[in-house]
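Encoded as C-alpha cells, the structure appears first; notes follow it.
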Amino acid sequence: MRKTVDVPVSEVIPSVESVLRGQGVTDSGLDDPYLGELAETALKMFARLCRPAALTMDLERADFEIVYRGHGRNADETPVELIYPNAKHMALYAVTIGSRVGERVTELFDMNEFALGAMLDMAASEATELLARAVEDQYRQELRSSKRIRNSSGVMRFSPGYCGWDLSGQGLLFERLGPEEIGIELRETFLMTPLKSTSGVMIAGHKDIFEFECSYSFCNDCTTFSCRDRLKELRQQ
C-alpha cells in the first residue's frame, strides 16, 4: 500500500540544545544567552516555514531486492543485504520539510546573516531526521497494532548513500515510490531537491537481525557511526 503520512510541524521542531550541539557547541556554551537567543529565533522562523510531507509504500522482499541492487554500485558486502532477507515487512519512504526553509537560509546567507542562516540550516537538518523518525515510529506502531510484528521485533531505516548502499540507489527507489507527489525531485547526481529531504527503506523484523559490527570497509570513512545510536534505540523499542 502506498500512502502519504501526516506529521504535524510540532513533532519535527528540534530543541534549542540539539541545534546548538549540531553547530558544535559544547556543554559550556549551551547557556550562552546570545547563542540561545539565536537558536530560538531560528526555530521560530523554522516553525513558520516548515511544511513536512511524507510518503511510504509497502514492498515485498523480491521487489526490494531489485530496488536495492540499483545500478550495481553497492559495496561488495553491506549490512542491508544481510538484514533484508530476514525481514518480516518492508516499506520504502521519503520525507521532506519543504523548500521554504532552504530558500530562507539562502536569503540569510545572501544578506550576510551567516550566524542565523547556519542556525536555521541546522534546525532544518535536525527536523528532517525527526520527521523520518516520526514516520518510522508510525510504521512500527501500525505493524504492532495490526499484530503483524511482536514486541520482540523492531524497525530500522536505511538510506542510499550510507552503509555501503550506493547513492545511485535513489534512482530505482524514486521510480518505485514516486516522491514527486510530495514535492521531492531527484537530480542527475542522485541528490534530492529540496535538500532537506531523505528517503530509503524501513525494515521490520526480529531485533536480532539488525545486529552488525562496524567492520565493513566503508566504516573507515564514517565520521558519526550513528548506526550505533540507532541500534541502541531499536533495542529499546
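Restricted to the stretch 174-187, and to residues there that are among the hydrophobic types (A, V, I, L, M, F, W, C) and under 16 Å from residue 4 (Cα atoms), the residue that is surrounded by the fewest Cβ atoms within 10 Å (Cβ to Cβ) is 182.
Go through the residues of the stretch 37-54 one by one and say whether even a single one is of a type in the set (D, E, K, R), part of a loop (DSSP other than H, G, I, E, B) and surrounded by fewer than 17 Cβ atoms within 10 Å (Cβ to Cβ). Yes, the stretch 37-54 has at least one match. Checking each residue in the stretch 188-224 for being among the polar types (S, T, N, Q) and either surrounded by 14 or more Cβ atoms within 10 Å (Cβ to Cβ) or assigned to a loop (DSSP other than H, G, I, E, B) (or both) picks out 189, 193, 197, 198, 199, 215, 223, 224.
Put simply, of 142, 107, 129 the only residue that is under 17 Å from residue 43 (Cα atoms) and free of Cβ contacts under 8 Å to residues at least 12 places away in the same chain is 107. Per the listing 155, 80, 95, the residue uniquely buried (at least 17 other Cβ atoms within 10 Å of the Cβ), of a type in the set (Val, Ile, Thr) and within 30 Å of residue 38 (Cβ to Cβ) is 95. Of all the residues in the stretch 98-110, those that are farther than 18 Å from residue 127 by Cβ and surrounded by 13 or more Cβ atoms within 10 Å (Cβ to Cβ) number 1. Taken over the stretch 20-52, residues that are farther than 22 Å from residue 194 by Cα and within 18 Å of the chain's Cα centre (by Cα) amount to 0.
Within the stretch 20-59, work out how many residues are over 30 Å from residue 181 (Cβ atoms) and of a type outside the set (Phe, Trp, Tyr). Matching residues across the stretch 20-59 total 20. In the stretch 67-83 there is no residue matching the filter, namely being assigned to a strand (DSSP E or B), more than 26 Å from residue 18 (Cβ to Cβ) and modelled with pLDDT of 95 or more. The residue that is farthest from residue 149 (Cα to Cα), among those in the stretch 48-91 that are hydrophobic (A, V, I, L, M, F, W, C) and in contact with a Ser or Thr (Cβ under 8 Å, 6 or more places away or on another chain), is 75.
Could you check how many residues of the stretch 111-154 are over 15 Å from the mean Cα position of the chain (by Cα) and assigned to a helix (DSSP H, G or I)? Of the residues in that region, 14 qualify.
Tell me which of these residue 17 doesn't satisfy, since it passes every other one: (1) over 20 Å from the mean Cα position of the chain (by Cα); (2) within 21 Å of residue 117 (Cβ to Cβ); (3) surrounded by fewer than 14 Cβ atoms within 10 Å (Cβ to Cβ). The one condition residue 17 does not meet is (1).
The values are calculated or read from the model by the stated rules, or taken from the named source; none is laboratory data. Keep in mind the model is a prediction, meaning the values are calculated, not measured. Glycine gets a Cβ as well: all are built from the backbone with ideal geometry, and neighbour counts include every protein chain shown.
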